[in-house]
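The values are calculated or read from the model by the stated rules, or taken from the named source; none is laboratory data. Predicted model, so just to flag it, every value in this text is computed and none were measured. Neighbour counts run over all protein chains shown; Cβ positions are idealised from the backbone, glycine included.
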Amino acid sequence: MANTHNFSLWQQRLVRALCWSLVLGALAVVFGWYLEPDFMLTMADQVWSCF
């Protein structure tokens with residue numbers, strides 16, 4: 001069976017760059033949340049209330 005996923009080099013690089021952008025964006029959002037103590041306290045209280 002022939003490989004139907006024949007992406008060119010620039011397409012592979014574009015997909016890789018988009019994936020890294022998403023990962024770095026998610027890390028930036030999480031880091032931003034840590035700078036908001038009230039938000040982190042609310043999240044900790046919600047997690048703790050599950051137990």
Give the residue that is farthest from the chain's Cα centre (by Cα), with candidates limited to residues of segment 30-51 that are loosely packed, with under 10 Cβ neighbours inside 10 Å and aliphatic (A, V, I, L, M).
V47
Of (1) over 9 Å from the mean Cα position of the chain (by Cα); (2) at pLDDT 95 or above; (3) of a type in the set (A, V, I, L, M, F, W, C), V23 satisfies all except one. Which?
(1)
